[in-house]
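Worksheet for the structure shown next.
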């Protein structure tokens, strides 16, 4: 019989329901995995074994779609009674912050029946696309411990990829679910703006941040999404006005992953990046191999896969996004010089520049990005889904990002992740799927994962989950295990 952590989250939920494993047994198993691996991987910033055991022992009657399933909160989300570190020295030691009220996403997951084992590591206030902080160890990539797990949900991805958690929630303001999922060989879903509660750390301008699931398989990601949805009394998902036609009954997302729609879909393939012209955007050979493999596999599955026309970049995108990102950083709740001095160079730069942004500049940036949003939504709307690269390069080595020069650091982030932030600006759903692995090396004997993105129109999560499930059925990524396993 396979070890519990070898089983999918879907299988574990079935086992919990039929009584072949109890919430307490599952909790102890994953606490043991954390105890054995976390010092090497750096996935969890905080572990809460006693509250987890108390919660598990109290789950005597099944309720909620995730009843008894262990996971952990991202360390940008507040859980009442548990310190939130925000990946920062400002909230470490005697300065630690213990919230009295849980965030919406935490309460929703609790209602779905989860057992929280602690907090997954995140970079300072979630701003960088990598998880290497001054307050704790880096979140390392389980496929090669000399490389990073990405960010900002890097700890969540590292925990799932190494078998310390079956699934984990993340938040995504510029790629923060999809980047670590792609780096760690996982499925990561950025949901449509408004489908899930927003936020995650410092609230962002422009509605950039939403939550989403990270998992080893498509069905597991769909299962976690079911548990992240705040549902109405009739079981449907309350949507904003623009999404009412896509309201889904309970189980609809999991059903889409387990029984994909058999229709032949029209899929556009693109290498468009909104950062073209602003930074040196180059698609690496392994990233291109992943894109080509996904396209050919979808074509072999019977879909109409076509090359999208070349989309011209908007020269206003880069300055507008930078302005909005920095203006959002100005809201970091730190003002005294002693605390500001504890911030990492990148965060201190973002906060300082952001507090010099004028109201007029913010309004102009929001207007420019709204125009870009309309354009990109229209482009994607010409297809059932658009296939984009995941990252431009293989997962980056620990220490690759310039810690001293914030401008260079920002450029490096754009060059590694040039295909993600524009999806946040447009509010569209996007799924990262790990379709390809590089050739084995001494430091990465299993190879390094390379993902692609499937992007859809607003409310198209079920379409993306179905396509991902079809790819997974052929490419079998859920069966791969990293060396640390």
Check off (1) under 21 Å from the mean Cα position of the chain (by Cα); (2) surrounded by fewer than 17 Cβ atoms within 10 Å (Cβ to Cβ) for residue 66 and give me the number that stays unchecked. (2)
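Report yes if some residue within the stretch 438-446 is out of contact with any helix residue (DSSP H, G or I) (no Cβ under 7 Å at 6 or more places or on another chain) and buried (at least 23 other Cβ atoms within 10 Å of the Cβ); otherwise report no. Steps first, please.
So in the stretch 438-446, the residues out of contact with any helix residue (DSSP H, G or I) (no Cβ under 7 Å at 6 or more places or on another chain) come out as 439-446.
In the following step, the residues that additionally are buried (at least 23 other Cβ atoms within 10 Å of the Cβ) were identified as none.
There is no residue in the stretch 438-446 that is out of contact with any helix residue (DSSP H, G or I) (no Cβ under 7 Å at 6 or more places or on another chain) and buried (at least 23 other Cβ atoms within 10 Å of the Cβ).
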Filter the stretch 378-392 down to the residues that are out of contact with any strand residue (DSSP E or B) (no Cβ under 9 Å at 6 or more places or on another chain) and either surrounded by 15 or more Cβ atoms within 10 Å (Cβ to Cβ) or farther than 14 Å from residue 457 by Cβ (or both) and list them by number. 392
Scan the stretch 355-367 residue by residue and report those that are farther than 14 Å from residue 208 by Cβ and either within 27 Å of the chain's Cα centre (by Cα) or surrounded by fewer than 18 Cβ atoms within 10 Å (Cβ to Cβ) (or both). 355, 356, 358, 359, 360, 361, 363, 364, 367
Look through the stretch 84-100, keep the residues that are more than 16 Å from residue 124 (Cβ to Cβ) and at pLDDT 95 or above, and return whichever of them is surrounded by the most Cβ atoms within 10 Å (Cβ to Cβ). 99
Those helices (runs of 4 or more DSSP H) lying entirely in the stretch 376-485 with at least 2 residues over 18 Å from the mean Cα position of the chain (by Cα) and at pLDDT 95 or above: 406-416, 461-475
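May I ask you to verify whether residue 145 is modelled with pLDDT of 95 or more, assigned to a strand (DSSP E or B) and within 30 Å of residue 57 (Cβ to Cβ)?
On the way: modelled with pLDDT of 95 or more: yes; assigned to a strand (DSSP E or B): yes; within 30 Å of residue 57 (Cβ to Cβ): no.
Answer is no for this residue.
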Please go through (1) under 30 Å from residue 253 (Cβ atoms); (2) free of Cβ contacts under 8 Å to residues at least 40 places away in the same chain; (3) out of contact with any strand residue (DSSP E or B) (no Cβ under 7 Å at 6 or more places or on another chain) for residue 93 and return the number of the only condition it doesn't satisfy. (1)
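Could you identify the single residue in 251, 207 that is over 18 Å from residue 427 (Cβ atoms) and at pLDDT below 95?
251
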Is it fair to say residue 76 is touching a strand residue (DSSP E or B) at 6+ places or on another chain (Cβ under 7 Å), within 18 Å of residue 136 (Cβ to Cβ) and in contact (Cβ under 8 Å) with a residue 60 or more places away in the chain? yes
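Return the residue satisfying two criteria in turn: it lies in the stretch 26-63 and is assigned to a loop (DSSP other than H, G, I, E, B) and under 23 Å from the mean Cα position of the chain (by Cα), and of such residues it is surrounded by the fewest Cβ atoms within 10 Å (Cβ to Cβ).
Within the stretch 26-63, the first condition is being assigned to a loop (DSSP other than H, G, I, E, B), and the residues that meet it are 42-43, 48, 59-63.
From what is left, the residues that are under 23 Å from the mean Cα position of the chain (by Cα) are 42-43, 48.
Working: 42: 25, 43: 31, 48: 21.
Among them, the one singled out is 48.
Working carefully through the options 224, 265, find the one that is at pLDDT 90 or above and under 18 Å from the mean Cα position of the chain (by Cα). Steps first, please.
Working: 265 fails: under 18 Å from the mean Cα position of the chain (by Cα).
Answer to the selection: 224.
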Matching residues, the stretch 280-309, being touching a residue at least 12 places away in the same chain (Cβ under 8 Å), part of a loop (DSSP other than H, G, I, E, B), out of contact with any helix residue (DSSP H, G or I) (no Cβ under 7 Å at 6 or more places or on another chain) and over 17 Å from residue 265 (Cα atoms): 282, 283, 284
Within the stretch 108-142, considering residues that are buried (at least 24 other Cβ atoms within 10 Å of the Cβ) and in a helix (DSSP H, G or I), the one nearest to the chain's Cα centre (by Cα): 126
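Conditions tested, residue by residue: (1) under 30 Å from residue 358 (Cβ atoms); (2) surrounded by 18 or more Cβ atoms within 10 Å (Cβ to Cβ).
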| position | (1), (2) |
| --- | --- |
| 268 | no, yes |
| 277 | yes, no |
| 293 | no, no |
| 316 | yes, no |
| 328 | yes, yes |
| 341 | yes, no |
Looking at the stretch 343-375 only, could you name the residues that are assigned to a helix (DSSP H, G or I), in contact with a helix residue (DSSP H, G or I) (Cβ under 6 Å, 6 or more places away or on another chain) and without any contact (Cβ under 8 Å) to a residue 40 or more places away in the chain? 351, 353, 354, 361
Pair list, Cβ < 9 Å and 6+ apart or interchain, from the stretch 241-262 residues that are on the phi > 0 side of the Ramachandran plot and surrounded by 13 or more Cβ atoms within 10 Å (Cβ to Cβ) to residues that are modelled with pLDDT of 90 or more and not in a loop (DSSP other than H, G, I, E, B): 251/226
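The values are calculated or read from the model by the stated rules, or taken from the named source; none is laboratory data. Remember, predicted model here, so these are calculated numbers, not experimental data. Methodologically, a virtual Cβ is constructed for each residue, glycine included, from the backbone with ideal geometry; neighbour enumeration extends over all protein chains shown.
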